[in-house]
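The values are calculated or read from the model by the stated rules, or taken from the named source; none is laboratory data. Computed from a predicted structure; not experimentally measured. Here Cβ is always computed from backbone atoms with ideal geometry, including for glycine, and neighbour counts include all displayed protein chains. Please note that ligands, DNA and RNA were not included when accessible areas were found on the heavy atoms of the full protein model with its side chains. Shrake-Rupley method; radii C 1.70, N 1.55, O 1.52, S 1.80 Å.
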Amino acid sequence: MSVNLACGIDFGTSNSTCALARDGHVVLVDLEEGKDTIPSAIFFAENQSVEFGRAAIATYIDGEDGRLMRSLKMVLGSSLINEKTRIGKRSLEFVDIIGTFLQHIKSRCEIAAGQTVDHVIMGRPVYFYEQDAAADLQAQNALESIAKSVGFKSVQFQYEPIAAAFSHEKRLSKEMLSLVVDLGGGTSDFTVIRLRPDVTINSDRSDDILSTSGVRVGGTHFDERLSMNSFMPPLGLGSQVRDTFDADKIMDMPMSVYGQLSSWPWVHLAQTQKAISETKQLITLSLSPERLERLLMVQEHQLGHAYLQAVEGAKIALTDHDMHICQVESPCIDVETYRTEFERSISAELARISGAIDACLTNAQVKARDIDLIIMTGGSTEIPAVNQLIANRFPDAEISELDKFGSVGLGLGYHASSVYL
């Protein structure tokens with residue numbers, strides 16, 4: 001197939017990018033004014049207007065009535081994908097919501113191109129779902145169907161870590177055996193690949209890709225751990241309530257509402273009338289009613305997303321600081337967060353990441369000492385514990401951290417050029 005232009009889209013859990021390929025040149029498209037990355041966020045206002053990315057988040061935080069949605073990629077392959085969710089007075093299917101976001105990216109790409117863009121390489125994690133081939137295939141098929149529904153005539157896929165490798169290859173002056181560490185918002189993916197800067201853009205690279213592996217752990221999971229560990233206790237997590245039928249019987253506060261408030265895809269469930277009614281009932285039984293009053297304030301004023309924004313901000317702050325105090329305005333509390341406690345809370349996730357790296361090396365039949373270059377991409381690679389894990393495992397390897405947020409999109413653009421142009 002030969003056309004004059006194509007694109008690559010990295011539809012991420014937390015952020016998305018798009019690269020335009022034309023006449024052998026590949027560039028990232030501005031998806032917002034002066035920004036080539038866009039938060040994967042969409043806001044549906046009560047007046048039925050729609051905002052995207054940073055504007056969506058800002059509009060929500062400014063208090064406009066409506067529904068903010070983030071981390072939509074995590075819905076792919078789940079039972080929610082064909083279900084409807086309440087948006088004001090409307091009910092929309094998740095496939096249509098994701099389609100609205102992808103349509104926005106396609107439109108921005110076409111503005112940059114000055115014409116219609118019909119061909120796309122979509123990025124995908126190595127595994128949307130681990131050990132569930134049916135759900136993994138369902139997720140890719142759903143994303144392909146959505147991409148075609150917004151006007152793409154040809155849709156192909158490439159693993160995100162392989163795309164990141166292609167992007168970095170352009171900067172090399174010699175052949176290197178590389179491990180790509182791609183830690184995104186919802187998944188962590190790894191690829192052992194032989195990078196050769198002398199290859200042509202349309203070369204068959206199958207022999208150079210030695211292995212891939214992945215695990216469903218990413219930045220949103222780290223957010224959940226930090227939220228549950230530091231932000232939810234002031235709202236009543238860990239407190240106790242009396243039994244409804246036996247006042248002498250003391251029980252732990254149910255955890256479900258806190259899990260929902262700590263998860264981008266599920267936060268809206270903590271703010272339904274049913275959830276609010278349950279909290280009001282628990283306040284009458286609580287041994288710490290003042291903490292549950294704070295929880296009720298968050299629910300009634302629809303502050304769940306703002307709370308998660310604060311959690312994400314604290315996680316980022318702990319990248320450079322051992323301790324961070326987050327001042328939450330409503331309810332008015334100071335939340336102390338500590339890097340050591342945060343790292344302890346994500347120890348299981350770090351172990352799963354380490355295990356996936358082991359699997360990738362084993363499948364490639366190489367040792368850690370054989371790796372010349374580590375390519376770090378994705379926002380979660382900023383976490384100090386992740387950096388330390390990689391440095392300990394590969395003390396002799398060069399570590400490249402160039403363009404952590406745009407390398408996958410660029411690599412998909414290079415792949416689109418090789419496939420379509």
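If you check P331 against the conditions, is it closer than 24 Å to S239 by Cα, in a loop (DSSP other than H, G, I, E, B), open to solvent by less than 30 Å² (accessible area, probe 1.4 Å) and modelled with pLDDT under 95?
Answer is yes for this residue.
In this structure, is V117 open to solvent by less than 70 Å² (accessible area, probe 1.4 Å), assigned to a strand (DSSP E or B) and either of a type in the set (A, V, I, L, M, F, W, C) or modelled with pLDDT under 90 (or both)?
Here the answer is no, as V117 does not meet what is asked.
Going by the structure shown, is S256 open to solvent by less than 30 Å² (accessible area, probe 1.4 Å) and within 26 Å of Y129 (Cα to Cα)?
So S256 does not fit the description; no.
In the set D23, D30, which member is of a type in the set (D, E, K, R), at pLDDT below 95 and over 30 Å from Q302 (Cα atoms)?
Being of a type in the set (D, E, K, R), at pLDDT below 95 and over 30 Å from Q302 (Cα atoms) holds for just one of D23, D30, which is D23.
Provide a single number: the residues in region 367-377 that are open to solvent by 10 Å² or more (accessible area, probe 1.4 Å) and within 18 Å of H168 (Cα to Cα).
1
Answer yes if at least one residue in region 256-268 is more than 27 Å from the chain's Cα centre (by Cα), among the hydroxyl-bearing types (S, T, Y) and in a loop (DSSP other than H, G, I, E, B), and no otherwise.
Within region 256-268, the first condition is being more than 27 Å from the chain's Cα centre (by Cα), and the residues that meet it are none.
No: region 256-268 contains no residue that is more than 27 Å from the chain's Cα centre (by Cα), among the hydroxyl-bearing types (S, T, Y) and in a loop (DSSP other than H, G, I, E, B).
Before we move on, is F405 farther than 30 Å from N4 by Cβ and of a type in the set (F, W, Y)?
Working: farther than 30 Å from N4 by Cβ: no; of a type in the set (F, W, Y): yes.
No: the conditions fail for F405.
Answer yes if at least one residue in region 216-224 is more than 21 Å from V366 (Cβ to Cβ), open to solvent by 10 Å² or more (accessible area, probe 1.4 Å) and among the hydrophobic types (A, V, I, L, M, F, W, C), and no otherwise.
No; the residues of region 216-224 include none that is more than 21 Å from V366 (Cβ to Cβ), open to solvent by 10 Å² or more (accessible area, probe 1.4 Å) and among the hydrophobic types (A, V, I, L, M, F, W, C).
Among the numbered conditions (1) out of contact with any strand residue (DSSP E or B) (no Cβ under 7 Å at 6 or more places or on another chain); (2) open to solvent by 20 Å² or more (accessible area, probe 1.4 Å), tell me where L308 comes up short.
(2)
Which members of region 378-421 meet the condition of being outside any helix (DSSP H, G or I), open to solvent by less than 50 Å² (accessible area, probe 1.4 Å) and of a type in the set (A, V, I, L, M)? If you could, list the steps in order and put the result at the bottom.
Here is the first cut: in region 378-421, the residues outside any helix (DSSP H, G or I) are 378, 383, 394-406, 421.
This time we only want the ones that are open to solvent by less than 50 Å² (accessible area, probe 1.4 Å), so: 378, 383, 394, 397, 400, 404, 406.
Of everything in region 378-421, those that are outside any helix (DSSP H, G or I), open to solvent by less than 50 Å² (accessible area, probe 1.4 Å) and of a type in the set (A, V, I, L, M) turn out to be I383, A397.
Hey, among S79, S40, S49, S71, which residue is among the hydroxyl-bearing types (S, T, Y), more than 18 Å from G184 (Cβ to Cβ) and either at pLDDT below 85 or crowded, with 17+ Cβ neighbours inside 10 Å (or both)?
None of the other options fit; the residue is S79.
How many residues are of a type in the set (A, V, I, L, M, F, W, C) and farther than 21 Å from V328 by Cα if we restrict to region 52-68?
2
May I ask you to list pairs of residues, at least six apart or on different chains, whose Cβ atoms are under 6 Å apart, with the first in region 270-299 being under 21 Å from V335 (Cβ atoms) and open to solvent by 30 Å² or more (accessible area, probe 1.4 Å) and the second being not hydrophobic (A, V, I, L, M, F, W, C) and not in a helix (DSSP H, G or I)?
As it stands, the answer is R291/G236; R291/S239; R294/P331; M297/P331, since those pairs meet every condition given.
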